[in-house]
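The values are calculated or read from the model by the stated rules, or taken from the named source; none is laboratory data. What you are looking at is a predicted structure, and each value in this text was computed from that prediction instead of being measured. No Cβ is skipped: glycine too gets one built from the backbone with ideal geometry, and neighbour counts run over all protein chains shown. These accessible areas exclude ligands, DNA and RNA; they are computed on the full protein's heavy atoms, side chains included. Shrake-Rupley method; radii C 1.70, N 1.55, O 1.52, S 1.80 Å.
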Amino acid sequence: MTTAFVLWGGGSMGAAQVGMLRGLTARGIRPDLVIGASVGALNAAYYAALPDTQGVEELAELWLRVSEHDVYPLNSSQVLHTLADSLPGRPLRGVLRALGGLNYIFPINPLMIGLAAAGRTNHLFDNHRFRRYVENVLPLERLEQARLPVKILATDVCNGEGVLLSRGEAVPALMASTAVPGFYPSVEIGGRHLMDGSVSSNTTLDHAIELGADEVYLLTPGYSCPLPAPPSTVLAIAVHTYNLLGEQRMAASIANARTQVRLYPLPALCPMEVLPIDFRQTARLIEQATESTLYWLDNDRQAQPGAARALGDFRTLS
């Protein structure tokens with residue numbers, strides 16, 4: 001039997017996948033194959049390189065380190081508070097951080113935004129800081145060096161086809177799989193321009209089945225919780241909508257997979273009203289996903305071949 005771990009996208013909600021991996025590892029469940037797309041590609045590559053307790057804990061530390069940076073000024077009051085807090089110490093750095101200039105994920109660059117508004121570029125943010133960060137922390141240089149076979153899903157910009165990357169330099173593959181269209185630049189690999197794997201014609205679950213998986217653990221934490229009001233910024237509404245579209249596509253894949261594999265969708269978290277660009281809840285997401293996964297494995301794992309439940313049943317409300 002071939003067991004696959006399938007990791008989907010979800011922005012900051014990808015932190016919950018760390019808790020899921022922690023729970024699965026604690027119970028001795030290890031895959032033969034790991035497939036990831038978007039933020040799930042980052043988690044998949046790191047886990048495949050170090051598929052043990054120490055590796056998962058190191059991945060958790062990396063997520064917590066990123067969460068220390070304000071990834072995006074969600075509202076004006078947050079900016080003002082950050083500016084005020086910075087005045088006694090290093091005001092310039094505080095200003096840059098408050099305005100998004102020091103972010104790993106969404107580094108605000110007025111010149112880049114101006115070029116996008118003028119139609120001179122097709123993305124709002126560069127990925128230089130994020131790429132350097134991944135280069136510094138990723139425990140492998142090439143995908144084939146991973147201890148477990150890993151497949152990274154990206155999307156051909158020109159035709160929407162999914163492209164599975166399993167060999168070659170790891171960082172370009174991850175930059176491609178996480179290149180949210182309109183936000184980040186596409187990445188050229190093998191003569192093809194690639195972007196976020198979450199928008200490909202097939203999902204990671206579809207590819208797991210095509211690769212011969214008999215048993216699939218589906219790590220899909222990135223579903224947006226019902227919000228009390230629409231997001232108030234352009235970036236927030238764009239990412240929120242993008243996430244909702246991805247959720248619908250994964251729901252369709254789960255429906256199609258019901259009769260083909262033994263499917264174990266781990267309980268996805270919806271513990272709070274959190275946008276996928278808000279990294280301030282990372283610690284809580286990891287801990288809640290750990291507890292939820294362990295409880296599910298020990299008490300409530302009822303998935304049978306072809307018995308995948310509706311996505312809404314996977315959301316654990318607190």
Being surrounded by fewer than 16 Cβ atoms within 10 Å (Cβ to Cβ) and at pLDDT below 90 narrows A257, A236, A229 down to just A229
Taking segment 1-51 and keeping residues within 14 Å of L297 (Cβ to Cβ), part of a helix (DSSP H, G or I), of a type in the set (G, A, S) and open to solvent by 10 Å² or more (accessible area, probe 1.4 Å) leaves A26
Of the criteria (1) closer than 11 Å to V18 by Cβ; (2) within 17 Å of the chain's Cα centre (by Cα); (3) modelled with pLDDT of 95 or more, which one G55 fails: (2)
Could you count how many residues in segment 123-156 are surrounded by fewer than 16 Cβ atoms within 10 Å (Cβ to Cβ), within 16 Å of A176 (Cβ to Cβ) and touching a Pro at 6+ places or on another chain (Cβ under 9 Å)? 2
